[in-house]
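What follows is a short report on a single structure.
Every number in this text was worked out from the coordinates using simple rules, so none of it is lab data. Keep in mind that this is a model prediction, so the values were computed, not measured. No Cβ is skipped: glycine too gets one built from the backbone with ideal geometry, and neighbour counts run over all protein chains shown.
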Amino acid sequence: MSTGPGLESLVNQTISIITNDGRIIVGTLRGFDQATNIILDESHERVYSTREGVQQLALGLYIIRGDNMYVWLLRSVVGELDEELDLVNDLSKIKAHPLKPVIH
Amino acid sequence: MLFFSYFKELVGKEVTVELKNDLAIRGTLHSVDQYLNIKLENIKVVDEGKYPHMLSVRNCFIRGSVVRYVQLPPDGVDVDILHDATRREARGS
């Protein structure tokens, strides 16, 4: 009865991921598996800071590991980006603290 | 399996999921799976001023292992039924 996470509907959509060290990575979901490992195309990281507006760092094709015992491996909140909402928010004006890392 | 069944009963209700990185997300429970991964719809981040990181996200999938709390509507909980189910589960295992 172990169906994977219900991410089928999100394949080829633009999604945003919060990793367990508190980074936000935005990209196109190409694939996933039962352990929530993810393939992300055209990805970029959005860096939030309290001093400057949001920075976007281009990353290209990424595999993000879903499950692990090591601190550097990643777990996530995956959200489908609403394109309209995303255009409306002017990223250069948003200032915020970066997200905290996940502590188990 | 008990909480998996319990959350399946709560699909469609509004819940607030608090994560282990202190982020709290309110939304309608769309689905849950055996790992207690949660899908929420029409989400609103609690304290949006502090966490603008998800402004453009409407629905989300939350990995079960990063959830700290799931805050439930008080009328969504039938305590007696939950009591019985836990007693049965405790006897069975």
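Go ahead and run the numbers for FRET between A:I63 and A:H104, Cβ-Cβ distance against an R0 of 22 Å, rounding to 0.05.
0.45
Going by C-beta contacts inside 10 Å, put A:L99, B:L19 in order with the fewest on the left.
B:L19, A:L99
Sticking with the crude label model, points 7 Å out along Cα→Cβ, report the distance from A:S9 to B:E9 in nm, one decimal please.
Those two pseudo-labels are separated by 2.4 nm.
If the limit is 25 Å between Cα atoms, which of A:K95/B:K20; A:K100/B:K44; A:K95/B:K39 go over it?
From the list (A:K95/B:K20; A:K100/B:K44; A:K95/B:K39), the Cα-Cα distance tops 25 Å for A:K95/B:K39.
Starting from the Cα gyration tensor of the range B:51-93, take the square roots of the eigenvalues, sort them a ≥ b ≥ c, and report rounded, prolate or oblate (rounded when a/c is under 1.5, otherwise prolate if a/b is larger than b/c, else oblate).
prolate
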